[in-house]
Structure formats: C-alpha cells, structure tokens
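Structure, as structure tokens:
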Amino acid sequence: MVSFQSKWRYLFMFLGVQLVVMALLSREGYQRRVTYFMRIFRKSDGVGRNLSATGSDVYANLTILARAPSSSDVMTYCPQTSPFIRGPIHVSFPSGLTLAQVQRKNPLVVRGGRYRPPGCESRHSTAIIIPHRNREHHLKFLLYYLHPFLQRQQLNYGIYIIHQAGNYTFNRAKLMNVGFREAMREENWDCLFFHDVDLIPEDDRNTYICDANPKHAAIAMDKFGYKLPYNLYFGGVSALTPLHYLKMNGFPNNYWGWGGEDDDIGVRVSLGGMHITRPSVRVGRYKMIKHKLDKGNDINPKRFNMLAKTRQSWKLDGMNTAEYEIVRRQHHPLYTNITVDIGTEEGLHKTPAAAKPEPVDPAKPNQEPGKS
C-alpha cells in the first residue's frame, strides 16, 4: 500500500514539474512574441511617428493643417520634409460615399481642386492629370484619398480631370497630352503626375514631387502582388517635369484602346536621354479599385506592331502633333474638369459643335449623354 501511494506521489510530482516547465516556456515564448510585436508597433517610420502595421486613417488629425498663417508679412518656406507625413495608409472603399462628403472633409481645397498649405510657402507645385471617362464611381474614391494625401505633403497642387467626350475608342495617352498643355496654361507647374483614376496610394512617403529624371511612382500595385511586373513598366502613376515632357516629345497620340502606350512612353524616356527613377517597393504601394474592361476601351490589337516602331515614330507623333478641341472647362470644388474632343483613330472629329452630344459631367454621375 505504501509503495502504491509513493508511486502516485512521484507521478503527481513529475506531472507538476512538467506543467511548471511548460508554463515557464509558454510565458517566455509569449513574452518574446509580445516584445516582437511591440517593437514593430514602436518602430519609427522615419519622421517621428509610430505606426501600426495596418496603416493609419489618411484624415487622422488633418485639422492641424488648418492652423492660422503666421502673422509675419513674409511667408517662410515649408520644411524640406513635411512633418504631417504619416507613412502607410489604410485604404478601403465604403459604400455610399459622395463627392459632397469628400468636399466637407477637405475644407481647405478651393475652386478647381486647388490647394496651398496654410502657414508656409510650398517648395513644390504639382498638377495631377487624370484621364477619365465613365469612371465616376472610381473618381470619388480617388479624390477622397488623394486630397488629404497631398495636403500632408504640404504641396501646392491642382487636380485636373481630362474627360474624353463622345463614345469613340478611349485614348489615354492623348488625354494626358491634353492635360499637360491645359494645366500648364493655367499655372507654371514644377511637376505633373499622370494618374490612373482607379489607383489609390497607400503610403504618403511616396511624395508627389518630381525627380531629376522621369519617375514611375506606382511601382507596387496589389494587382501585381506589390511587385514591379517588369523593368520597363511605366504605367499607373508617373511624374514628369515640363522639361522631361519636352525632351521625349510628350506621349503618343495613336494608341486607341487598351494597352501599349505605357511601354511606348517608357521607351521615349530612354530615347530622350533620360532614365526611370522609382521609390522603394515598400513606399510605392497602390491599391487598385476592381473593375471590368471599359466599354469603348477594348484591347488594342496593333499595340505590339506600334511599339516596334517607336524609335522611328517618337519625334513624329507626340506633343507636336496632338490635335483636340476643348468642349467645356469647369472648375468644380474638388477638381477642374476639362471635357475634350480628341477625335477618332481616323482623325480629329470634325462634326459641327451644334451637332455634338453634350458631354457627361463627372460631377453628375446620373446624367445621361446628351442631357445637361
């Protein structure tokens, strides 16, 4: 009997020791995990702020930008690096968003989608050029994120929507040529960002200012697994100074439909004696709003043959041959809308103005073509 009780005591003691060891190991592992995640949480993003791994709200503490200007008669320049930059941004697409709500959240943006930082003189002036047709749903999300994104960078900026009139085949590159010319007529911009309407930036350290060479900003899209699809890719979001634009003779005008123009532009950068610069993959991140291929923007079957001839055609087709007619220019609260007739693949559409259908205004998504 005594021997039986002793065996049970030893067994309980052995199990107790095992439980204590397991608890200690578990506690140590738990502490290591907690310490690891706390280090990530506390790791500075380089500008003096702590960020969570999920990113921050792009509108968080945006009211601090509205501080009254200095009483001094002379405005000082804004800092080289904006103190309002936060790093990763949480991007989602809530249902029911309206342009009126976006306007209320951006009280410092004035007519035409223009903004200057209060309290200091911006070191940079940037025009955002957005080719557009039938993408009102995407546009409101882009404006929702892009306005505070740019304000945090303390930029003097303006947003231009270049809206292709009519139902002819879409021509993204020619619309960007139009955007460059018309934006430069309004102001002598230092930098122009050519921006697809369905791409939302996810890190405001990806500054919308130009580099010494043409810059490809959208280096890491979620569509491509946040990786650069190939080295010469220049699509999505790119930036040029006026001098860069002149050196490469602007963009091609003859890519009707989807595909090819981005690669043509990338080749033009090289032919103009320049090279492409990019932010890091960690910073140049974008989320794409999912959508189907647009009606009137079918895949261009000629794109590969056209690309093979870029070296021969780039000086003959570009800013020096871009023909178009401005149908209407409107200065809305959040952007400047320029509706333009860029013609067709056969040439500039010459239908008399009285016979042309009234273009759809992006600010009125329920408007039918031909009705104002």
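The values are calculated or read from the model by the stated rules, or taken from the named source; none is laboratory data. The model shown is predicted, which means the values in this text are computed figures rather than measured ones. As a convention, Cβ positions derive from the backbone with ideal geometry for all residues, glycine included, and neighbour counts pool all protein chains shown.
Odds and ends about this structure:
- Residue satisfying all of: in the range 167-193; part of a loop (DSSP other than H, G, I, E, B) and over 15 Å from Ile130 (Cβ atoms); nearest to the chain's Cα centre (by Cα) among these: Asp190
- Test: Pro131 is touching a helix residue (DSSP H, G or I) at 6+ places or on another chain (Cβ under 9 Å), modelled with pLDDT of 95 or more and closer than 18 Å to Glu323 by Cα: yes
- Lone unmet requirement of (1) under 30 Å from Pro301 (Cα atoms); (2) in a strand (DSSP E or B) for Ile159: (1)
- The range 144-189, residues that are among the small types (Gly, Ala, Ser) and within 30 Å of Ala60 (Cα to Cα): Gly158
- Of note, Val91 does not satisfy the criterion of being modelled with pLDDT of 95 or more and under 29 Å from Tyr245 (Cα atoms).
- The residues listed here are Leu108, Leu150; of these, the one that is at pLDDT 95 or above, surrounded by fewer than 20 Cβ atoms within 10 Å (Cβ to Cβ) and either within 16 Å of the chain's Cα centre (by Cα) or part of a loop (DSSP other than H, G, I, E, B) (or both) is Leu108.
- Residue check for Arg205: surrounded by fewer than 18 Cβ atoms within 10 Å (Cβ to Cβ), under 18 Å from the mean Cα position of the chain (by Cα) and at pLDDT 95 or above: no
- Tabulated pairs, the range 102-130, first on the phi > 0 side of the Ramachandran plot, second part of a strand (DSSP E or B) and among the small types (Gly, Ala, Ser), C-beta under 6 angstrom, 6+ apart or interchain: Gly113/Gly158
- Enumeration of residues in the range 112-134 that are in contact with a His (Cβ under 8 Å, 6 or more places away or on another chain) and either buried (at least 21 other Cβ atoms within 10 Å of the Cβ) or over 17 Å from Thr339 (Cα atoms) (or both): Gly113, Tyr115, Ile128, Ile129, Ile130, His132, Arg133
- Screening Gly257 with (1) surrounded by fewer than 24 Cβ atoms within 10 Å (Cβ to Cβ); (2) small (Gly, Ala, Ser); (3) out of contact with any Ser or Thr (no Cβ under 7 Å at 6 or more places or on another chain) gives one miss only, at (3).
- Close Cβ contacts (under 7 Å, 6 or more residues apart or on different chains) running from residues in the range 83-94 that are within 10 Å of Tyr145 (Cβ to Cβ) and crowded, with 20+ Cβ neighbours inside 10 Å to residues that are of a type in the set (S, T, N, Q) and at pLDDT below 95 comprise Ile89/Ser56.
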